[in-house]
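Data first, discussion second: the structure below is written as structure tokens.
The values are calculated or read from the model by the stated rules, or taken from the named source; none is laboratory data. Small disclaimer: the values here were computed from a predicted structure and weren't measured. Virtual Cβ from ideal backbone geometry, glycine too; neighbours counted across all protein chains shown.
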Amino acid sequence: MPPATPTRPFWTLNKIYWLLYILPLSAWFAMDGTQMFFVDTDARHPERVWFKLGVYLLIVNFITMLVFREDKKRAERGDWRVSEKTLVYLITLGALPGALLAMRMYAHKTAKWGLQLRFFFWAVLEVVFTFALLPHTFSYANDARWGICLFSLFWWNLHVAAGIVNYLKSRPKERAKYLLTLAGAAAACLGVVLGGIYLRETLTGKQSDVETYVRVGVLCAGALLVVFNEVTLSVKKIRGKLPGWDPAPPAGAHA
């Protein structure tokens, strides 16, 4: 029997995005230039990066187990559900172990092999992205931090943009305008990043390495695209209406 008053889940995609991505990772990167939390000696003591990475992963995996637990209870009472897109996004934040453990503990999603394959697909792709495509730093822990930050940012923008395009498929002119504006924003960001690095090289006389170009470029582009897509969702009033987005209504309910 469905609940008398259906409620939306506490853990939604946007909430996880802000609480598990923007706040902790932004704080971590901001501390790189300060004297806080041992960060000024990370390069000389890589074990401290392992400690911080471990704390972050423990938090993410613990919250992932809470998300699975909430979704299991909601499935049993026929309430609004946590979308599968939210669960996949947690994997890009490094929560595959917590997801697999929660699936067994709560006997939840164990029969959905397609979803489990998506979990492993994105987890493997993230590892390849981190250790094969990104320039290496002073420790594997720091490489993992960069990989989680950049890959999850890539995942977020890719799926928001795909959702907007899919939502506008019946309005080809608006869809074309969005794609052209998106391409223009990406090109403008690239120009700003390259110009900023060139200006820095000119003023300091120091040559930037490939690592700087890759990381600064991806971070700036990702940040700009987040703002661009968030503004698009608000202006077009389609927030929460993207296909397959969050949350998922119970059977027979209207989103």
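Okay, residues lined up against (1) crowded, with 18+ Cβ neighbours inside 10 Å; (2) in a helix (DSSP H, G or I); (3) among the charged types (D, E, K, R); (4) without any contact (Cβ under 8 Å) to a residue 60 or more places away in the chain:
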site	(1), (2), (3), (4)
L58	no, yes, no, yes
T64	yes, yes, no, yes
V67	yes, yes, no, yes
R74	yes, yes, yes, no
T86	yes, yes, no, no
P97	no, yes, no, yes
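Given the criteria exposed (fewer than 15 other Cβ atoms within 10 Å of the Cβ), over 20 Å from W245 (Cα atoms) and of a type in the set (G, A, S), does A111 qualify?
Criteria met by A111.
Quick one: which of W122, W146 is at pLDDT below 85, outside any loop (DSSP other than H, G, I, E, B) and aromatic (F, W, Y)?
It is W146.
Considering each of H108, H45 in turn, give the residue that is farther than 24 Å from L153 by Cβ, of a type outside the set (S, T, Y) and at pLDDT 85 or above.
Working: H45 fails: at pLDDT 85 or above.
From the options H108, H45, the qualifying one is H108.
Taking interchain pairs and intrachain pairs at least six residues apart, which have beta carbon atoms under 6 angstrom, with the first residue in the stretch 191-213 and modelled with pLDDT of 75 or more and the second not in a helix (DSSP H, G or I)?
Once the first residue is modelled with pLDDT of 75 or more and sits in the stretch 191-213, its partners that are not in a helix (DSSP H, G or I) give E201/S208.
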